[in-house]
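The values are calculated or read from the model by the stated rules, or taken from the named source; none is laboratory data. Fair warning: this is a prediction, and the values are worked out from it, not measured in the lab. As a convention, Cβ positions derive from the backbone with ideal geometry for all residues, glycine included, and neighbour counts pool all protein chains shown. Side chains included, ligands, DNA and RNA excluded: accessible areas come from the protein's heavy atoms. Shrake-Rupley method; radii C 1.70, N 1.55, O 1.52, S 1.80 Å.
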Amino acid sequence: MTETDAPDEPAAAPSLTLPPTTVLDPATAPGLRWGVISPGHIAGQFTATAHRATASRVVSVVSRSAQRAEEFAQEHGIERAFDSVEEMLAAGGLDAVYIASPHAQHHALTRPVLDAGIPVLVEKAFTLNVGQAHDLLDLARERGVFAMEAMWARFLPQYDVLRQVIASGLLGEIVEVTADHGQSFPADPAHRMFAPELGGGALLDLGVYPVSIAQMVLGDLSDLAVRGHLSEETAVDAYVALLAQGRRSGRARLSATLLSRTPTEAVVSGTAGSARLSGPFFAPGTLTVSLHDGRTATFEHPGARGDGMAYEIAEAARRITAGELESPLMSWGDTLSVMSTMDAMRAELGVVYPGEVTA
């Protein structure tokens, strides 16, 4: 074979460039003085991340156990520890408060903070039900106080790039959002995930992530088809699955379970391609866009993956400093929409929490 007879080189694969993230470095956000209510595992992550990756500092902590509050304060270098919310509020010196308690306590713990005129960041799920969420947000509006659900995923850089990709039309018309979140927990009635009085079950703790990303992409969900089953021990939702129609376009196919560790991926599929958030899709990770014409591109999370909560802390700090009442990335309407969907899902499964108030 002569040189002129050599086979043609294969054509280079078409290139695809994803938009850069518009998310700012959390370290550049204004520093706030935070109080933390309920010093458990998630509060420890929040505090450590705030101190390591942002200009904010946790200066007060509240627990029903004075000893637990003191131990948490010593561990994280926090100045003041209290055994009641009222004492912490009376002491002053706070720019914002983070509520990290189990879901069932969010409403009661958040209300006095808002009533005192102090901005709040409330762990997801925001409340037990949409009635409680309405009550808190109505109070925030009345007092002119910032409030935000701590759905940390929405503030991550790869979510920002995903929103830009969808808005550009690169994926075509959105057909479906799929997302799963399964973790394996021992069937222990004493564990918070199996405790109805704490808002236990798969939906509020795990399923809120799939529901939230579907709502972000598709808008309000309707035409719900819900399947699942309850735990034998305590009758909380152990498995739940949802098919739903999005207000904007496309459908959602979602699931959550306490019984098995699942891939925890999310995929947005359109008529021209798809975008996949690697597992766990709600944490700092990878976004891969694959188009039907063969083009593909990947966005990798910048910086330390362990600092994912820094983005929601920074978002809250920027909005509070600017005098705003909510974030467009997790608006009050978004929170109410997600809570309404989860209420409807629970109703289909017959899950009602002890003493649940739908005020």
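Return yes or no: is Ala347 exposed (fewer than 15 other Cβ atoms within 10 Å of the Cβ) and either free of Cβ contacts under 8 Å to residues at least 24 places away in the same chain or closer than 24 Å to Ala104 by Cβ (or both)? So Ala347 passes the test. For region 140-167, filtered to residues that are under 20 Å from the mean Cα position of the chain (by Cα) and among the acidic types (Asp, Glu), the residue that is nearest to Gly303 (Cα to Cα) is Asp160. Checking Leu291, Leu287, Leu242 one by one, the residue that is within 28 Å of Gly350 (Cβ to Cβ), touching a strand residue (DSSP E or B) at 6+ places or on another chain (Cβ under 9 Å) and hydrophobic (A, V, I, L, M, F, W, C) is Leu242 and no other.
Quick check, is Thr341 among the β-branched types (Val, Ile, Thr) and open to solvent by 60 Å² or more (accessible area, probe 1.4 Å)? Answer is no for this residue.
The single condition among (1) open to solvent by less than 30 Å² (accessible area, probe 1.4 Å); (2) modelled with pLDDT under 95; (3) not acidic (Asp, Glu) that Thr234 does not meet is (1).
Consider region 17-70 and keep the residues that are of a type in the set (D, E, K, R) and either assigned to a loop (DSSP other than H, G, I, E, B) or touching a residue at least 12 places away in the same chain (Cβ under 8 Å) (or both). The one that is farthest from Gly93 (Cα to Cα) is Asp25.
Conditions tested, residue by residue: (1) farther than 30 Å from Ala297 by Cβ; (2) of a type in the set (S, T, N, Q); (3) surrounded by fewer than 11 Cβ atoms within 10 Å (Cβ to Cβ); (4) modelled with pLDDT of 95 or more.
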| position | (1), (2), (3), (4) |
| --- | --- |
| Thr2 | yes, yes, yes, no |
| Asp8 | no, no, yes, no |
| Leu18 | no, no, no, yes |
| Thr47 | yes, yes, no, yes |
| Arg52 | yes, no, no, yes |
| Ala55 | yes, no, no, yes |
| Val61 | yes, no, no, yes |
| His76 | yes, no, no, yes |
| Ser84 | yes, yes, no, yes |
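Comparison of Gly131, Gly144 shows that the only residue that is touching a residue at least 40 places away in the same chain (Cβ under 8 Å), over 30 Å from Ser231 (Cα atoms) and of a type outside the set (Val, Ile, Thr) is Gly144. Could we say that Val36 is more than 16 Å from Leu109 (Cα to Cα), open to solvent by less than 50 Å² (accessible area, probe 1.4 Å) and of a type in the set (Val, Ile, Thr) here? In short, no. From the list Leu287, Leu336, Leu291, Leu325, the one residue that fits, being touching a Ser or Thr at 6+ places or on another chain (Cβ under 9 Å) and surrounded by fewer than 19 Cβ atoms within 10 Å (Cβ to Cβ), is Leu291. Considering only residues that are open to solvent by less than 50 Å² (accessible area, probe 1.4 Å) and in contact with a His (Cβ under 6 Å, 6 or more places away or on another chain), which ones fall in region 239-271? Once the filter is applied, which keeps residues that are open to solvent by less than 50 Å² (accessible area, probe 1.4 Å) and in contact with a His (Cβ under 6 Å, 6 or more places away or on another chain), region 239-271 yields Ala256, Thr264.
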